[in-house]
Amino acid sequence: MEKSKDQAEKLIPEEDSIFKPLDDMEIPDPSSSFRDTFTHNLNHLMENDPKRRHLYVYLAAAMIATLLIIYTLVPSESRSDSIYNQYYKTVDLISPVNDEYRSINLEFINAIESYNDRDYRASSTKFLNLSKDKPRWVSPRFYAGISEMELENYPLAIEHLSWVVEQNRGFKREAQWYLGLAYLKTEEISKATSCFEELSRSDGIYQNSAREILNQIK
């Protein structure tokens with residue numbers, strides 16, 4: 001019985017022996033990549049502690065699997081998203097305070113107030129209704145497109161903003177700018193490029209920014 005106990009104790013490594021391979025590890029060059037550092041340390045452990053080599057292999061496999069899962073589950077920001085986030089700015093709308101203007105365009109004022117309250121779904125609906133009543137007005141359709149962008153409904157935003165650009169009247173440059181950004185979100189890079197190329201050739205507040213974007217997407 002005593003002999004069996006001694007044999008069992010020999011199978012259990014001393015506490016210090018478990019960590020000895022770690023104490024003897026060399027610190028790699030700080031300029032080494034994560035892969036080089038990991039490989040270096042794993043090889044060191046396996047060479048200095050061959051009895052637990054299989055354990056280190058399992059640990060390495062588990063770490064690699066964990067990193068792959070994290071890489072898969074955490075979406076990386078695409079170049080288009082990065083450009084969009086850099087240049088997209090929420091449009092500020094100011095409600096007219098003139099009483100005469102308010103009485104004539106009460107629906108328009110209500111739509112702007114919904115937009116300023118960040119109720120973009122309501123503002124989009126109100127702007128579209130106003131656009132149907134006054135089909136030659138381009139501003140309600142433009143603001144409807146901007147509301148849809150705030151809702152991240154980019155295909156519908158593209159539909160409204162494209163219409164404004166096609167009218168070739170007021171809000172064309174503004175619509176073209178936001179249309180280009182919307183195309184970036186839908187990964188329609190060639191269409192976005194066309195928008196920004198035209199803006200880069202036109203004088204205005206969007207010219208320099210359009211050129212900067214073109215340098216990044218070409």
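Laboratory data are not the source of any read-out in this text; all were calculated from the coordinates shown. Small disclaimer: the values here were computed from a predicted structure and weren't measured. As a convention, Cβ positions derive from the backbone with ideal geometry for all residues, glycine included, and neighbour counts pool all protein chains shown.
Miscellaneous remarks
- Taking each residue as 0.36 nm, the span from Gln86 to Lys132 lengthens on full extension beyond its C-alpha to C-alpha distance by 13.2 nm.
- Cβ-defined net charge surrounding Trp137, 12 Å radius [Lys, Arg +1; Asp, Glu -1]: +3
- Total formal charge among the other residues, if their Cβ is under 12 angstrom from that of Ala182, Lys/Arg +1 and Asp/Glu -1: -4
- Label-point gap, in nm, between Arg201 and Asn168 - each point 7 angstrom along Cα→Cβ: 1.4 nm
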